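What follows is a single structure, written as C-alpha cells, with notes after it.
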Amino acid sequence: MAREQVFNFSAGPSVLPASALERAKADLLDYRGCGMSVMEMSHRSPMFQEIFDSTKQKLKEALSVPDSHEILFLQGGATLQFAAIPMNLIEGGTADYAVTGNFSHKAAAEAEKYGTVHVAASTADTGHDRIPAQEELRLSADAKYFYYCANNTIYGTEWQYVPRTAAPLVCDMSSDILSKPVDVSRYGLIYAGAQKNMAPAGLTVVILDKALCGRELPFTPEIMSYRTLVKHDSMLNTPPCWCIYMLGLVLDWLAEQGGVKGMEQIKRARAAKLYDFLDNSALYRAHALPGSRSDMNVTFRTDSKELDAEFVKGAAARGLVNVKGHRITGGMRASLYNAMPMEGVDALIAYMKEFERDHV
Ligand SMILES: *Cc1c(COP(=O)(O)O)cnc(C)c1O
C-alpha cells in the first residue's frame with residue numbers, strides 16, 4: 001500500500017527517498033534469503049561486513065573521498081563530535097571557531113572545556129542572517145584547526161565558499177552533505193549526523209584525514225578516539241547497523257539521480273524557486289540575506305506570529321507537514337533535502353500564494 005501523499009519539510013529526521021524505503025521494506029523480514037533482517041544480524045557476520053564495506057565504498061565514490069581520508073560510521077550524533085573534535089585535535093592549544101548559528105555556538109562552548117576557543121567570526125548580532133566573508137575571518141596564527149558549520153539548519157544560511165585557512169578545516173556538514181560536490185582533500189575533518197540528508201537518526205559519518213590521528217588528549221575515552229576508531233574500522237563496539245544499511249540504499253538512489261552533481265542542480269533549482277517567490281511577496285519575508293541563503297533550509301515569516309501559526313496549521317491540512325520554524329527563531333522553515341521532489345516546492349508555493357491572497 002502506498003503511503004498517504006504528504007510533502008515532509010521536516011528539518012530532521014527528514015524525508016528519505018521512497019525507493020530506498022521500498023527496498024528496505026522488501027528486505028525487512030528476510031535479507032537476501034538469509035532468514036533474518038539486517039536488524040537481527042551480528043555486526044561481525046560476513047553478511048553485515050559486506051553491507052558495511054559496500055556502503056563505505058559507495059560513500060567514498062559519491063564524495064570522491066581520497067585515500068588520505070578515512071570514513072567512520074559512528075553513534076552519538078553530531079553533538080558527540082562537538083566534544084570529540086577538540087578532544088582529538090585541540091591538543092590543549094587554540095582553535096578558531098566561526099559562530100554562525102546555534103550548532104556552531106554549541107560546538108564552540110563544548111570546545112572551551114578542552115582548550116582555548118578563538119571566535120574567528122560571529123553573526124549573532126544580526127540574528128545569524130548571513131555568512132561572514134573570507135576577509136572578515138580573524139584567524140589565529142597558532143590555531144590547531146578552523147571550525148565552521150557549512151549549513152545552518154535553524155537559521156537557513158549556507159556557506160557559499162570554502163574558507164581559506166592555514167589550519168586544517170573542520171566542518172559540520174550535517175544538513176548539506178551529499179547535496180553538492182565537495183573537495184574532501186581540503187578538509188581535515190568533515191562530519192554529519194545522518195538524519196538530515198542521508199539516513200535514519202542514529203548514525204554519524206566522520207570523514208577524517210588520517211594524518212590527524214593520534215593527537216587525542218590523554219583522558220579521551222577510547223570510543224571517542226579517532227585513532228582507535230580508525231584502527232578498528234568503526235567497530236570498536238557495535239555500529240549503528242540498520243542506519244548503515246539504509247545509507248547504502250540512499251546512496252544507490254543518489255547514484256541514479258546523477259550523484260552529488262545531480263543533487264546540486266536540483267537543490268539550486270528548488271531553493272531558487274522558493275526564494276524568488278519570497279522576494280516578490282507582500283506577505284512573507286526571507287530571514288537569510290542574499291548571498292548567504294541556504295538551499296537546504298529556507299526560513300521565512302510574516303509580520304505576525306498569529307498569521308505564522310495559521311499558516312503552519314493550514315499547510316498541514318494540505319499535507320505540507322513540518323513547516324513550523326525552530327523554537328529559537330519562530331516563523332516558518334521549509335527544509336528541502338535531497339529527497340524533496342520539485343512537486344513539494346510547487347505545492348508549497350501554490351499554498352503560499354493562496355494564503356497571501358486571503359491575508360493581504
Ligand atoms: C541537527 C544538527 C546537529 C545536531 O545533530 P544531532 O545528531 O542531533 O546531535 C548539529 N549540526 C547541524 C548542522 C545540524 O543540522
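The values are calculated or read from the model by the stated rules, or taken from the named source; none is laboratory data. Just so you know, these numbers come straight off a predicted model, no measurement behind them. Ideal geometry is used to build each Cβ from the backbone, glycine not excepted, and the neighbour counts take in all protein chains shown.
Applying the set (1) hydrophobic (A, V, I, L, M, F, W, C); (2) under 26 Å from H287 (Cα atoms); (3) crowded, with 20+ Cβ neighbours inside 10 Å to A199 leaves exactly one unmet item: (2).
Output the number of residues of segment 304-333 satisfying the condition of being without any contact (Cβ under 8 Å) to a residue 12 or more places away in the chain and basic (K, R). Count: 2.
Conditions (1) under 18 Å from Q195 (Cβ atoms); (2) among the hydroxyl-bearing types (S, T, Y); (3) touching a strand residue (DSSP E or B) at 6+ places or on another chain (Cβ under 6 Å), marked per residue:
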{"site": "D67", "(1), (2), (3)": "no, no, no"}
{"site": "E70", "(1), (2), (3)": "no, no, yes"}
{"site": "G77", "(1), (2), (3)": "yes, no, yes"}
{"site": "A83", "(1), (2), (3)": "no, no, no"}
{"site": "N88", "(1), (2), (3)": "no, no, no"}
{"site": "T94", "(1), (2), (3)": "no, yes, yes"}
{"site": "G101", "(1), (2), (3)": "yes, no, yes"}
{"site": "H105", "(1), (2), (3)": "no, no, yes"}
{"site": "A108", "(1), (2), (3)": "no, no, yes"}
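Checking each residue in segment 179-188 for being of a type outside the set (S, T, Y) and either in contact with an Asp or Glu (Cβ under 7 Å, 6 or more places away or on another chain) or buried (at least 24 other Cβ atoms within 10 Å of the Cβ) (or both) picks out K180, P181, G188. State whether one or more residues within segment 202-209 are in contact with a Leu (Cβ under 8 Å, 6 or more places away or on another chain), over 24 Å from L249 (Cα atoms) and assigned to a strand (DSSP E or B). Yes, segment 202-209 contains at least one residue that is in contact with a Leu (Cβ under 8 Å, 6 or more places away or on another chain), over 24 Å from L249 (Cα atoms) and assigned to a strand (DSSP E or B). Checking each residue in segment 202-214 for being buried (at least 16 other Cβ atoms within 10 Å of the Cβ) and either away from the ligand (no atom under 16 Å from the Cβ) or on the phi < 0 side of the Ramachandran plot (or both) picks out L203, T204, V205, V206, I207, L208, D209, L212, C213.
Counting the residues of segment 59-73 that are within 15 Å of the ligand (Cβ to nearest atom) and surrounded by fewer than 22 Cβ atoms within 10 Å (Cβ to Cβ) gives 1. Scanning segment 129-162 for residues that are assigned to a loop (DSSP other than H, G, I, E, B) and closer than 23 Å to K196 by Cα turns up D129, R130, I131, A150, T153, I154, Y155, G156, W159, Q160, Y161, V162. For the residues T220, T228, T299, the requirement of being part of a loop (DSSP other than H, G, I, E, B), hydroxyl-bearing (S, T, Y) and at pLDDT 95 or above singles out T220. Can you tell me how many residues within segment 134-189 are within 16 Å of the ligand (Cβ to nearest atom) and aliphatic (A, V, I, L, M)? Residues in segment 134-189 being within 16 Å of the ligand (Cβ to nearest atom) and aliphatic (A, V, I, L, M): 9 in total.
Just one residue in the set H128, H118 is over 18 Å from V206 (Cα atoms), in contact with an Asp or Glu (Cβ under 6 Å, 6 or more places away or on another chain) and without any contact (Cβ under 8 Å) to a residue 60 or more places away in the chain; that residue is H118. Would you confirm whether or not segment 82-99 contains a residue that is in contact (Cβ under 8 Å) with a residue 12 or more places away in the chain, of a type outside the set (A, V, I, L, M), more than 16 Å from the ligand (Cβ to nearest atom) and more than 23 Å from R164 (Cα to Cα)? Yes - at least one qualifying residue is present in segment 82-99. On inspection, K106 qualifies as outside any strand (DSSP E or B) and within 16 Å of the ligand (Cβ to nearest atom). Out of L289, L283, one residue alone is part of a loop (DSSP other than H, G, I, E, B), in contact (Cβ under 8 Å) with a residue 12 or more places away in the chain and surrounded by fewer than 20 Cβ atoms within 10 Å (Cβ to Cβ). It is L289.
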